[in-house]
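The values are calculated or read from the model by the stated rules, or taken from the named source; none is laboratory data. Since the model is a prediction, treat every value here as computed from it, not as a measurement. Note that we place each Cβ from the backbone using ideal geometry, even for glycine, and neighbour counts take in every protein chain shown.
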Amino acid sequence: MVTPHLPPDQAANALLPQLLREGLSCEGHEVRLLSFEPLEGQPRQGDVRYIRRPRNGLARTLRLSSIETGISVWRESRAFFEGADVVHVHSNTFMNQAAAFLAHRRGLPFILTHYGTEIWHYRKRALDPFLWMNESAATVTYYSRLLLERSLELGVVPRKPVVVYPPVDERFQPPTPDEKRRARRALGLEDGPVLLNVKRLHPLAGQTFLVEAMPEILRLHPKAKLFIAGEGEARKDLEERVGSLGLARAVTLLGLVDNRELPRYYHASDLFVLPSRLEAFPTVAAEALASGLRVVSADHPGGIELQGLFPEDVDLVPREQIEPLARAVVTALSRGSASSAKTRERIEIELRPKAAVETYLAIYRSAIHGDGLAAD
């Protein structure tokens, strides 16, 4: 598998490769990973082949970073591809494109998975390696049906597209009352509702709208707390917004939280809020539903699709609108926090790692035998 990210990064294209590797390895399959080296301070995994991260500045402008990445992938490819049956390319970077090209040259079928950004921001170019990847892949999987539809609208038309929803790790389960009390005590929480957002701190994640909605939420729920788990370039702006609104006691920016630690935050919370401007399929919201939480989401494509799957437990609000967001949060809190048994049952059947492993195994086998899969 080729992926730009691995845990503890919370990106979707870090979580799916990790879950697939764990599930496939348990069934006796050998899985190799090629990824960019971890960010400074993050641990390295001993069995992963790492590629140096692209440099910014002049090196990027002159395409030197791409050349360096291509050479590194070429050097690694011989040992990485030796004995492989199929290559799974997650998302789109120059590393992914180089790996797909080298796999194709060796006669190895490759699978391509789209998570969102690479489609939402796609623009056609005269020489387009991204379009080549889509046309050459044995199968292209999409995180949501709306993402596939957008891909087709843009003229990115794979031979064999398939929608495969992201799996939710088994760690995300509804807490017992005792587990909820322990989780709240561990985080030093007293009475009052707890709101949770888990997302990279980025303008597209829309956390600023949730922070700006907090004064109205606090007017009706003076003891309410908001936890935001994630790290990114929008942190400084969010810190300044929290300070200017006098929300230091009510809003906590947790930074990057290891995925293994996230269940504790879901267990301690009463509502998950996802005010993003754009999403394909919000894995974090599915984790919240699996953990017994209801969700308030902006009406981005991922939120719309999520509500279609779980209509009892997902409330939609207009994107980038502070007052409707505040009202929706207050209304949701008044209805109680627990997601329905129907929602949790569907997650157990369709969105657990076992289902994803079985689906991708069928896709891999189909690619190896050359018959592919068509969109369902």
Report task. Hey, can you tell me all the residues within segment 142-159 that are more than 14 Å from Thr117 (Cα to Cα) and buried (at least 22 other Cβ atoms within 10 Å of the Cβ)? Result -> Pro158
Requested in this report: Take segment 137-155 and flag every residue that is touching a residue at least 40 places away in the same chain (Cβ under 8 Å) and in a helix (DSSP H, G or I).
Outcome: Arg145, Leu146, Leu147, Leu148, Arg150
Query - Filter result for the condition that a residue is under 14 Å from Ser91 (Cα atoms) and assigned to a loop (DSSP other than H, G, I, E, B), over Pro158, Pro166 - result: Pro166
Query raised in the report: Out of Leu189, Leu204, which single residue is over 18 Å from Leu16 (Cβ atoms), in contact (Cβ under 8 Å) with a residue 60 or more places away in the chain and part of a loop (DSSP other than H, G, I, E, B)?
Result: Leu189
Query raised in the report: Mind checking which residues of segment 257-266 are surrounded by 24 or more Cβ atoms within 10 Å (Cβ to Cβ) and either in a loop (DSSP other than H, G, I, E, B) or not hydroxyl-bearing (Ser, Thr, Tyr) (or both)?
Result: none
Report task. Find the helices (runs of 4 or more DSSP H) located wholly in segment 20-136 whose residues include 2 or more that are in contact (Cβ under 8 Å) with a residue 40 or more places away in the chain and not assigned by TED's automatic domain parsing to the domain that holds Gly302, and list them. Result -> 64-81, 94-105, 117-120
**Report entry** Residues located in segment 107-126, provided they are over 21 Å from the mean Cα position of the chain (by Cα) and either modelled with pLDDT of 95 or more or under 27 Å from Phe80 (Cα atoms) (or both)
**Finding:** Gly107, Leu108, Pro109, Phe110
Requested in this report: Scan segment 102-121 for residues that are out of contact with any strand residue (DSSP E or B) (no Cβ under 9 Å at 6 or more places or on another chain) and β-branched (Val, Ile, Thr) and report the count.
Outcome: 1
Query raised in the report: So is Pro161 at pLDDT 95 or above and either over 22 Å from Ala12 (Cβ atoms) or not small (Gly, Ala, Ser) (or both) or not?
Result: yes
Query raised in the report: Which ones in segment 216-256 are in a helix (DSSP H, G or I), charged (D, E, K, R) and loosely packed, with under 13 Cβ neighbours inside 10 Å?
Result: Arg219, Lys236, Glu240
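Can you spot a residue in segment 277-290 that is of a type in the set (Ser, Thr, Tyr), within 30 Å of Lys160 (Cα to Cα) and in contact (Cβ under 8 Å) with a residue 60 or more places away in the chain?
So far as segment 277-290 goes, yes, one or more of its residues are of a type in the set (Ser, Thr, Tyr), within 30 Å of Lys160 (Cα to Cα) and in contact (Cβ under 8 Å) with a residue 60 or more places away in the chain.
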Query raised in the report: Got a sec? Which of Gly155, Gly232, Gly192 is at positive phi, modelled with pLDDT under 95 and not assigned by TED's automatic domain parsing to the domain that holds Pro318?
Result: Gly155
Requested in this report: Kindly indicate whether any position in segment 323-338 is part of a strand (DSSP E or B) and either in contact (Cβ under 8 Å) with a residue 12 or more places away in the chain or assigned by TED's automatic domain parsing to the domain that holds Ile228 (or both).
Outcome: yes
